[in-house]
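S.K.: Here's a structure for you.
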Amino acid sequence: MKMNMNMIRTVMLAGFASSLAQPGSAQQADLPKVDPAVVEAYVAGTWRSTSEGWRARVVQDETQRICTAARNEPSGAVFDQVRDKEKATVAFPADGVVVGDWQRGAQVAQRGTGGQFTDTEQTVRGGNCYACHQMSKAELSYGTLGPSLTNYGKDRKFDPAEARNAYAKIYNAMSVLPCSQMPRFGFHKFLSEQQIKDVVAYLFDPASPVNK
Amino acid sequence: MTMRTSLFSAAAVALGVFGAGLLAGQTANGQQAAPTQQPAQDLSEKEIERYRAMISDPMSNPGYLNVDRGEQLWSLARGTRNVSLEGCDIGLGPGKLEGAFAQLPRFFQDAGKVMDLEQRLLWCMTAIQGLDTKDVVARRFSGPGRTSDMEDLVGFIANKSNGMAYQPQLQHPKEQEMLAVGAAIFERRAGPWDFSCATCHAAEGKRIRLQGLPDFSKPGKAAQETMGSWPTYRVSQSQMRTMQHRLWDCYRQMRMPAPDYASDGLTALTVYMVRQAAGGEIQVPSIKR
C-alpha cells in the first residue's frame, strides 16, 4: 500500500514539476513563459561538444528537476517526497563510526579543487566548505552563502547523535532539508566516506579549531 | 608600442603583487583590530573595496592594449574576400559601433537569430570576410604568449559604448524566447554539486570566501555594476576577459562541463543578465582582481 502511494506521488510530482517550470517570485513574474522542452534544447546545444563521460553532469536527476521547478521551496507533499527519497540514499559507515581525523578534515574544508573541467582525475577533491561557511574563527577568508559553523560541535555538546546527523547532512544535505543549496557530497560520490568522516571530526572534535 | 607594453606589464605586476600584499595585510589587521566576527568582516570588505578602487585606474589598465589591438583587427583585411570587418552590422548598421554594445544581444534578421557580440563577430568573419574562424575560436581565451582576436575586438567595440546605458532589446519574439530561456537556465540545478547560477547569485551581499557575489535574481544595482564593467582586465589572470569567459569560469566552479563557446544557451543567459542590468552605465574595459 505504501509502495502504491509512493508511485502515485511520483506520477503526480512529474506533472507538478512541469507545471511549475516558470520562476514564480514577484520579481520574476513579468518574465515571458517558455516550454521546458525548449529550455532543454538550448541546454543540449550549449554542451553539444561535451564528451560522453561529462555529458551526464548536464542531465538533471529527478530531485534537481523538482527543486528547480519549485525554486528550492517545495510545498508540503513535495517536501516530504524529496526528503524521504534523499534520506534513503544516505550510507553510513559500516562500523557506525562517523568521526574521523579533524586535521585531515580541515584540509578537506579548505580545499577548493577537484572535479572541475580544468582538473585531472588525479586532482585531490576538496569539500570547499570555507567557500560558503565560517568554521575556524582563525580563518577570515570564508564565504557567507551558508550559515556560520563556528563552535558547531561544542554548541551540540559533542553529542554522538548530532555527529551522526552531521554525517548525514554532508552525505546528502537534502535528506535534512529538501532542495538545500548545499551539494550532496556523498550521494554524488564527490567526497569519499573517509573525507566526510574527517569533516565531521573537524566539526565535532573538541581539539578542532572550529570549537576553540 | 613595445615601451608601452612593458610599462603596462610592469604596472600589472605591481598591481598584482600589491594586491596580494594588501589582502594579506588586511587579514592580519582585521584579526588584531577586531576580535569579534562582524567588525572583522566589515573591515575586510572595506579593505577589499579600497583595493578595488586602487586598481580601477584607466591610465594603468592593460585592457586598453586589447582595445588598441581590437581597433587594428577591426580594419584588417583578411579572409577569402580579403576585406575588413568594417562592413559588419553589430546592430546599428554596418560599421556603426558607437552605442552598439549597449543594445546587445539582439535579433539579427540576416542571421535569423539572437546574438551576443562574440557570436555576431564570428558570423561577420564567416559571412563578410570569408574567414575560417577555426583559429579565432581556438584562441578565444588568451593565455601566456597567445592573444585572442575575440577579446581584443570585444574590448574595442564594447569601449565604444562607454558612458552609455544598457538598453535590453526584448521586442522580437526570439528575444523574448531568449529572455525566458536565460531565466530558466539561471535557475536550472545540475551536476555533481547540484548548483545553478542562482545558488550563488540570487541574494544580496553574499560572498564566496572574500569575493562578493552580484545578485542577478532581480533588476538593479548589482546587475548594473557587474554588466557595466565587463569586459574587464583580470589582474589575477593578466588577461582581458569577456562575459563568455566569465560564464565558462562559473560553470567550471560549478563542476559542470565546459559550455560551448558562443553557444545559444550562453547568449540566453546574457540576455537575461542584460535585462537585469537595464539602465546600467557601461565603463569598459574595467579592471578587476
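The values are calculated or read from the model by the stated rules, or taken from the named source; none is laboratory data. What you see is a predicted model, and the numbers here were worked out from it, not measured in a lab. When we count neighbours, we look across all protein chains shown, and the Cβ atoms used for this are built from the backbone with ideal geometry, even at glycine.
S.K.: What's the number of the condition residue A:72 fails, among (1) surrounded by 18 or more Cβ atoms within 10 Å (Cβ to Cβ); (2) in contact with a strand residue (DSSP E or B) (Cβ under 9 Å, 6 or more places away or on another chain)?
M.R.: Of (1) surrounded by 18 or more Cβ atoms within 10 Å (Cβ to Cβ); (2) in contact with a strand residue (DSSP E or B) (Cβ under 9 Å, 6 or more places away or on another chain), only one is false for residue A:72: (2).
S.K.: Just checking, does region B:257-279 include any residue being surrounded by fewer than 23 Cβ atoms within 10 Å (Cβ to Cβ), in a helix (DSSP H, G or I) and among the polar types (S, T, N, Q)?
M.R.: no
S.K.: Mind counting the residues in region A:108-144 that are hydrophobic (A, V, I, L, M, F, W, C) and over 18 Å from residue A:170 (Cβ atoms)?
M.R.: Total satisfying the criteria: 3.
S.K.: Residue B:289 passes all but one of (1) within 12 Å of chain A (Cβ to nearest Cβ); (2) touching a strand residue (DSSP E or B) at 6+ places or on another chain (Cβ under 9 Å); (3) surrounded by fewer than 19 Cβ atoms within 10 Å (Cβ to Cβ); which number fails?
M.R.: The number of the failed condition is (1).
S.K.: Quick check on region A:122-129. Is at least one of its residues farther than 18 Å from residue A:191 by Cβ, among the polar types (S, T, N, Q) and part of a loop (DSSP other than H, G, I, E, B)?
M.R.: In the first step, residues of region A:122-129 are kept if they are farther than 18 Å from residue A:191 by Cβ; the result is none.
Among the residues of region A:122-129, not one is farther than 18 Å from residue A:191 by Cβ, among the polar types (S, T, N, Q) and part of a loop (DSSP other than H, G, I, E, B), which makes the answer no.
S.K.: Could you please find all residues in region A:124-154 being of a type outside the set (Ser, Thr, Tyr) and within 13 Å of residue A:208 (Cβ to Cβ)?
M.R.: A:129, A:135, A:137, A:138, A:139, A:149, A:151, A:153, A:154
S.K.: Right, next: Could you tell me which residue of region B:197-224 is surrounded by the most Cβ atoms within 10 Å (Cβ to Cβ), considering only residues that are more than 7 Å from chain A (Cβ to nearest Cβ) and of a type in the set (S, T, N, Q)?
M.R.: So the first thing to find is which residues in region B:197-224 are more than 7 Å from chain A (Cβ to nearest Cβ), and the list is B:197-198, B:201-205, B:211-216, B:219-224.
Retained after the next criterion (residues that are of a type in the set (S, T, N, Q)): B:211, B:224.
Numbers: B:211: 13, B:224: 20.
Top of the filtered list is B:224.
S.K.: If you go through region B:234-241 one residue at a time, do you hit one that is more than 8 Å from every other protein chain (Cβ to nearest Cβ), in a helix (DSSP H, G or I) and in contact with a strand residue (DSSP E or B) (Cβ under 9 Å, 6 or more places away or on another chain)?
M.R.: In the first step, residues of region B:234-241 are kept if they are more than 8 Å from every other protein chain (Cβ to nearest Cβ); the result is B:234-241.
Okay, now just the ones that are also in a helix (DSSP H, G or I), so none.
No, region B:234-241 contains no residue that is more than 8 Å from every other protein chain (Cβ to nearest Cβ), in a helix (DSSP H, G or I) and in contact with a strand residue (DSSP E or B) (Cβ under 9 Å, 6 or more places away or on another chain).
S.K.: In region B:183-196, which residues are in a loop (DSSP other than H, G, I, E, B) and either more than 7 Å from chain A (Cβ to nearest Cβ) or closer than 29 Å to residue B:154 by Cα (or both)? Outline the logic, then answer.
M.R.: Step one: filter region B:183-196 for residues in a loop (DSSP other than H, G, I, E, B), giving B:188-189, B:191-194, B:196.
If the condition is that a residue be in a loop (DSSP other than H, G, I, E, B) and either more than 7 Å from chain A (Cβ to nearest Cβ) or closer than 29 Å to residue B:154 by Cα (or both), then B:188, B:196 are the ones that fit.
S.K.: Looking at residue A:96, is it more than 8 Å from every other protein chain (Cβ to nearest Cβ), under 23 Å from the mean Cα position of the chain (by Cα), exposed (fewer than 13 other Cβ atoms within 10 Å of the Cβ) and modelled with pLDDT of 95 or more?
M.R.: On the way: more than 8 Å from every other protein chain (Cβ to nearest Cβ): yes; under 23 Å from the mean Cα position of the chain (by Cα): yes; exposed (fewer than 13 other Cβ atoms within 10 Å of the Cβ): yes; modelled with pLDDT of 95 or more: yes.
The answer is yes for residue A:96.
S.K.: Could you tell me whether residue B:228 is surrounded by fewer than 23 Cβ atoms within 10 Å (Cβ to Cβ) and under 13 Å from the mean Cα position of the chain (by Cα)?
M.R.: Answer is yes for this residue.
S.K.: Also, quick follow-up: Identify all residues within region B:208-233 that are without any contact (Cβ under 8 Å) to a residue 40 or more places away in the chain and touching a strand residue (DSSP E or B) at 6+ places or on another chain (Cβ under 7 Å); write none if there are none.
M.R.: B:213
S.K.: May I pose another question? Of everything in region A:157-175 that's touching a residue at least 24 places away in the same chain (Cβ under 8 Å) and in a loop (DSSP other than H, G, I, E, B), which residue is surrounded by the fewest Cβ atoms within 10 Å (Cβ to Cβ)?
M.R.: A:158
S.K.: Quick check on region A:145-156: of everything there that is touching a helix residue (DSSP H, G or I) at 6+ places or on another chain (Cβ under 8 Å) and part of a loop (DSSP other than H, G, I, E, B), which residue is farthest from the other protein chains (Cβ to nearest Cβ)?
M.R.: Here the answer is A:156.
S.K.: Across region A:51-69, what is the total count of residues that are small (Gly, Ala, Ser) and within 18 Å of residue A:184 (Cα to Cα)?
M.R.: Count: 1.
S.K.: In region A:127-155, how many are surrounded by fewer than 16 Cβ atoms within 10 Å (Cβ to Cβ) and either farther than 18 Å from residue B:206 by Cβ or of a type outside the set (Ser, Thr, Tyr) (or both)?
M.R.: 5
S.K.: Step by step: first the residues of region A:109-118, then only those that are more than 17 Å from residue A:211 (Cα to Cα) and under 21 Å from the mean Cα position of the chain (by Cα), then the one that is surrounded by the fewest Cβ atoms within 10 Å (Cβ to Cβ). Which residue is that? Full working, then the answer.
M.R.: So the first thing to find is which residues in region A:109-118 are more than 17 Å from residue A:211 (Cα to Cα), and the list is A:111-118.
Restricting the remaining residues to those that are under 21 Å from the mean Cα position of the chain (by Cα) gives A:111-117.
Working: A:111: 17, A:112: 16, A:113: 12, A:114: 18, A:115: 22, A:116: 18, A:117: 16.
Selected residue: A:113.
S.K.: Within region B:252-286, restricting attention to residues that are more than 8 Å from chain A (Cβ to nearest Cβ) and among the hydroxyl-bearing types (Ser, Thr, Tyr), which residue is nearest to residue A:52 (Cα to Cα)?
M.R.: Out of the qualifying residues, it is B:261.
S.K.: Which residues, counting only those in region A:34-57, are in contact with a Pro (Cβ under 8 Å, 6 or more places away or on another chain) and either within 21 Å of residue A:172 (Cβ to Cβ) or more than 9 Å from chain B (Cβ to nearest Cβ) (or both)?
M.R.: Within region A:34-57, A:57 is the sole residue that qualifies.
S.K.: Let me ask you something else. Does residue A:191 satisfy being among the aliphatic types (A, V, I, L, M), assigned to a loop (DSSP other than H, G, I, E, B) and out of contact with any Leu (no Cβ under 7 Å at 6 or more places or on another chain)?
M.R.: Here the answer is yes, as residue A:191 does meet what is asked.
S.K.: Still on this model: Quick one: in region B:88-124, which of the residues that are without any contact (Cβ under 8 Å) to a residue 40 or more places away in the chain and of a type in the set (A, V, I, L, M, F, W, C) is surrounded by the fewest Cβ atoms within 10 Å (Cβ to Cβ)?
M.R.: Among those residues, the one meeting the criterion is B:111.
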